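The values are calculated or read from the model by the stated rules, or taken from the named source; none is laboratory data. Please read all numbers here as calculations on a predicted model, not as lab measurements. Note: ideal-geometry Cβ built from the backbone for every residue, glycine included; neighbour counts use all protein chains shown.
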Amino acid sequence: MKFIILALLAVFISPIAQADPPHLRDGQTGKYLGNLSANPYDSNSVNNPFGQYGSPYSADSINNPYGQYGSRYSNDSSNNPYATNAPGIYGGSGDDRGY
């Protein structure tokens, strides 16, 4: 009986554990801008300070205060409260709905 319960538990939990984190994309071009993951070791995470999408020096990073997606003044920035083309958040696992 324990084996059946553990097997069912594994079946129901495994899709949750394998889900991709939500990610950012440019609203107009659809350009991928990184995962919204707290993992600083994920190469695609916006929280990886050495990665393409998390570095404060990368042109594709929302953490670059002088870049297109991180500047307070850019219309494409997530840090500009008046931006009309801020990056959209899209769900993981193939869910392409913007939030």
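Within segment 57-71, take every residue that is without any contact (Cβ under 8 Å) to a residue 12 or more places away in the chain and over 16 Å from Asp26 (Cα atoms) and give me the one that is farthest from the chain's Cα centre (by Cα).
Filtering segment 57-71 for residues that are without any contact (Cβ under 8 Å) to a residue 12 or more places away in the chain and over 16 Å from Asp26 (Cα atoms), the one farthest from the chain's Cα centre (by Cα) comes out as Tyr66.
Give all pairs with beta carbons closer than 8 Å in which a residue from segment 18-39 that is over 16 Å from Asn75 (Cβ atoms) meets a residue that is basic (Lys, Arg) and in a strand (DSSP E or B); count only pairs at least 6 apart in sequence or on separate chains.
The qualifying pairs are Tyr32/Arg25.
Could you tell me which residue of segment 38-77 is nearest to Pro21 (Cα to Cα), considering only residues that are surrounded by fewer than 18 Cβ atoms within 10 Å (Cβ to Cβ) and of a type in the set (A, V, I, L, M)?
So, considering only residues that are surrounded by fewer than 18 Cβ atoms within 10 Å (Cβ to Cβ) and of a type in the set (A, V, I, L, M), the one nearest to Pro21 (Cα to Cα) is Ala38.
Can you pull out every residue in segment 1-45 that is hydrophobic (A, V, I, L, M, F, W, C) and either at pLDDT 95 or above or in contact with a Pro (Cβ under 6 Å, 6 or more places away or on another chain) (or both)?
Leu24, Leu33, Leu36
Which of the residues spanning segment 18-42 are farther than 22 Å from Gly67 by Cβ and of a type in the set (Lys, Arg)?
If the condition is that a residue be farther than 22 Å from Gly67 by Cβ and of a type in the set (Lys, Arg), then no residue fits.
Among the residues of segment 64-75, is any within 19 Å of Gly91 (Cα to Cα) and assigned to a loop (DSSP other than H, G, I, E, B)? Can you show your working first?
As a first pass, look at segment 64-75 and keep what is within 19 Å of Gly91 (Cα to Cα): none.
No: zero hits.
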